[in-house]
Amino acid sequence: MKPAGVVCIKICIVLLFLISACHQGVMDIQTIENETAPNLIFIIADDLGYADVGFNGSIEIPTPNIDRIAHEGVKFTNGYVSYPVCGPSRAGLITGRYQGRFGFSRNPLFAPNDPNMGLPIAEETLAEYLQKADYSCAALGKWHLGAHPSQRPLVQGFDDFFGFLTGGHRYFPEEWTLADEYEVTSQYDAYKTKLLRNNDRIEETEYLTDALSREAANYVEEYKNNPFFLYLAYNAPHAPLQATEKYLQRFAHIKDLKRQTYAAMVSAMDDGVGRVLDKLDALHLAQNTIVVFISDNGGLHKIKADNGPLRGDKGDLYEGGTRVPFAMRWPKQIAAKTVFVHPVITLDIFATMVGAQKRSVKTKNELDGVDLLPFIQDAKEGRPHGELYWRKFDQQRYSVRQGDIKLVDDGDGAQYFDLSQDVSEINSLIQERKKETVKMKGDHEEWLSHLIDPIFQGLRHDSIYNALHPDRFKRPQ
Ligand code: CA
């Protein structure tokens with residue numbers, strides 16, 4: 001070939017390369033613009049202690065998989081729930097709103113014939129919101145937001161459900177002896193019902209925590225081609241304390257049998273979280289999947305949970321009741337090893353998902369949470385929240401957190417703590433800070449004016465409710 005021909009071919013090759021590169025660049029921009037919004041896996045532990053995860057310092061119970069969420073993303077050292085027991089806490093986090101706004105201020109009773117015992121239909125769940133953004137949504141595990149057919153997961157925004165409707169459940173399949181909710185004869189009897197897959201009762205053979213993990217990994221696989229939301233609500237380590245030999249033998253050195261079993265249950269859950277994270281890795285979905293891990297309330301001392309230096313436990317408005325293990329991973333947006341010290345609350349996850357949408361999708365109701373991403377990324381300086389509020393209606397107890405200051409009356413009279421100096425809430429400064437106390441109490445009262453009274457009776461009213469509703473568990477005709 002003549003030299004001129006060679007040059008011509010070379011020029012053509014270079015031109016082709018440039019066109020290709022340019023085209024690729026355009027494609028890249030288009031890909032970014034068209035990229036789907038992030039997936040969400042919201043993992044909820046039940047009654048887990050603040051200090052019972054590795055990322056909050058646990059040595060006794062290794063949680064290497066749960067720790068990955070914190071270490072590869074952000075650890076919230078001041079992460080709160082909106083209520084110190086299961087039901088109201090879940091009603092808050094799934095609506096992104098203080099649950100007192102819609103009267104969900106008690107732990108609901110299991111009452112499958114009562115359409116008012118649970119989450120009001122007028123509320124929009126995170127799943128209903130994400131369905132409007134074309135997400136596939138699955139709920140796994142504990143529901144506890146209403147057992148009446150009008151309140152179950154499939155009519156609250158979820159495409160799929162695998163789990164149980166009650167506030168807790170037994171863990172061994174051989175103990176699931178009740179065919180359905182209408183064979184239940186008492187509140188805690190409901191812990192023995194067979195599991196539900198969507199609307200059908202099924203036979204399941206695995207230890208409950210393992211079954212939930214298996215199903216979660218399967219849903220990641222099933223939903224992989226579409227934005228998805230998995231609400232993975234483990235009931236571990238909520239009572240009853242039950243674990244298989246596989247997990248118990250990891251803690252044979254712990255002599256206290258309750259603590260040993262508790263540790264085994266947490267370890268089972270940690271294995272399950274690992275299965276889900278591994279599945280994300282295998283499908284190359286990890287980068288754009290938000291994984292959140294929380295406990296629905298503080299650890300319960302009675303089951304040997306450890307809240308570290310925090311005062312009190314489940315049910316309390318002291319920090320041990322409301323401050324929980326809280327971590328979030330989103331590799332595409334959040335730098336690994338981030339530690340966020342300002343107060344955040346589980347209500348923020350809904351708002352963060354709204355902020356993460358690539359197109360505007362409006363929420364039905366006003367949210368109380370805040371999009372955390374700009375704060376985590378430092379784009380917004382300061383604290384996400386001016387104040388956070390809690391109320392226990394029946395007990396007439398309350399608390400407010402403003403900055404590092406906490407005003408709390410948890411049955412011991414009003415107390416004022418500076419958590420930056422006194423995380424254990426020992427030294428009340430109420431006498432020295434009367435002016436500040438009046439201001440915070442006033443703010444709390446203003447917040448109360450936006451709440452309504454409870455719309456249903458709760459666990460503490462079980463016998464009263466039974467007397468009023470003799471057909472409580474009766475099979476509908
Ligand atoms: Ca709980």
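What follows draws every value from the coordinates through simple rules; no lab data is involved. Remember, it's a predicted structure, so these values are computed and weren't measured experimentally. We place every Cβ from the backbone using ideal geometry, glycine too, and count neighbours over all the protein chains shown.
Counting neighbouring Cβ atoms within 10 Å and putting the fewest first, the residues Asp313, Asp200 line up as Asp200, Asp313.
Each Lys or Arg adds one and each Asp or Glu takes one away; over the other residues whose Cβ falls under 10 Å from the Cβ of Tyr191, this sums to 0.
Fully extending the segment from Gln396 to Lys132 would add 91.2 nm, taking 0.36 nm per residue of separation and subtracting the current Cα-Cα distance. For the residue pairs Lys224/Lys362; Lys364/Lys392; Lys406/Lys434; Lys132/Lys380; Lys304/Lys406; Lys332/Lys380, the alpha carbons lie more than 21 Å apart in Lys224/Lys362; Lys364/Lys392; Lys132/Lys380; Lys304/Lys406.
The simple spin-label model puts a point 7 Å past each Cα toward its Cβ; for Phe172 and His469 those points are separated by 3.1 nm.
Using Cα positions and a limit of under 20 Å, work out the lysines in reach of Lys302, with same-chain residues fewer than 8 apart set aside. Leaving aside lysines fewer than 8 places away in the same chain, those within reach of Lys302 are Lys255, Lys258, Lys314. Label positions at His284 and Asp443, each projected 7 Å from the Cα along the C-beta direction, are separated by 4.8 nm.
Mean sequence separation of contacting Cα pairs (under 8 Å, at least six apart), scaled by the length of segment 403-477, corresponds to a relative contact order of 17 percent. Loop sites by DSSP among the GluC sites (Glu not before Pro) of the chain, restricted to those with at most 11 other Cβ atoms within 10 angstrom, leave 36-202 as the longest stretch without any of them. Full extension of the chain between Gln333 and Glu387 yields a length gain of 16.8 nm, computed as 0.36 nm times the residue separation minus the alpha carbon distance.
Among the trypsin sites (Lys or Arg not before Pro) in segment 222-304, those located in a DSSP loop and surrounded by at most 13 other Cβ atoms within 10 Å of their own Cβ are Lys255.
Taking a Cβ cut-off of under 12 Å around Asp159, the surrounding Lys, Arg, Asp and Glu residues balance to a net charge of -4, with basic ones at +1 and acidic ones at -1.
Looking at the chain, the DSSP beta bridges with both ends there are about 50 percent antiparallel. The distance from the alpha carbon centre of segment 205-226 to that of segment 264-325 is 18 Å, rounded to a whole number. A simple count of charges around Arg460, restricted to other residues whose Cβ falls under 13 Å of its Cβ and scoring Lys, Arg +1 and Asp, Glu -1, yields 0.
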